[in-house]
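Visitor: The structure is given below, and queries will be raised subsequently.
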Amino acid sequence: MAKKISRIIGMIMLIVAIAFVVFALKHPETSFPWSNTVTYAIYAVYLIVVTILLVAPFKK
């Protein structure tokens, strides 16, 4: 993947994550239909992908 594309996708994913956190903090009554373990696993995978997309372009 091109460095520029990787950075753009990583930044978009980071902005979406920040927007999600803001929404979640303002609406604590909403929840997912599955357990917290599944939710935390999804968050972890998302965070790993964002990190890879933002850090990878700086490595050779």
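The values are calculated or read from the model by the stated rules, or taken from the named source; none is laboratory data. If you're wondering where the values come from, they're calculated on a predicted model, not measured in any experiment. Backbone-built Cβ (ideal geometry, glycine too); neighbour counts: all protein chains shown. These accessible areas exclude ligands, DNA and RNA; they are computed on the full protein's heavy atoms, side chains included. Shrake-Rupley method; radii C 1.70, N 1.55, O 1.52, S 1.80 Å.
Visitor: For the chain, what relative contact order do you get, as a whole percent, if you take Cα pairs closer than 8 Å and at least 6 residues apart? It would help to have the intermediate numbers written out before the result.
Guide: On the way: 22 pairs, mean separation 42.5, N = 60.
Reported relative contact order: 71 percent.
Visitor: I'd like the Karplus ³J(HN,Hα) series for segment 26-39: coefficients 6.51, -1.76, 1.60, θ = phi - 60°, whole numbers in Hz, and an x wherever there's a Gly or Pro.
Guide: 7, 10, x, 7, 7, 7, 8, x, 10, 6, 5, 4, 5, 4
Visitor: While we're here: Which entry in [x] 1.08; [y] 1.27; [z] 1.13 is this structure's computed Rg/Rh (Cα atoms, Kirkwood Rh)?
Guide: [x]
Visitor: Also, quick follow-up: Ignoring ligands, DNA and RNA, what accessible area per residue does segment 1-51 give at 1.4 Å, in Å²? Let's see the in-between values first.
Guide: Details: 4220 Å² over 51 residues.
Computed with neighbouring chains in place, this is 83 Å² per residue.
Visitor: Counting other Cβ atoms within 10 Å of each Cβ, which chymotrypsin sites (Phe, Trp or Tyr not before Pro) in the chain have at most 10 and sit in a DSSP loop?
Guide: Numbers: sites: F20, F23, W34, Y40, Y43, Y46, F58; in loops: W34.
Those satisfying the criteria are W34.
Visitor: Now for a different question. For the chain, which whole percent of the accessible surface, found with a 1.4 angstrom probe, sits on carbon and sulfur atoms?
Guide: On the way: 3900 of 5050 Å².
Answer for the chain is 77 percent, counting heavy atoms of protein chains only.
Visitor: Once phi is turned into θ = phi - 60°, what whole-Hz ³J(HN,Hα) does the Karplus curve with 6.51, -1.76 and 1.60 give for every residue of segment 3-13, x standing for Gly and Pro?
Guide: 4, 5, 5, 4, 5, 5, 4, x, 5, 4, 5
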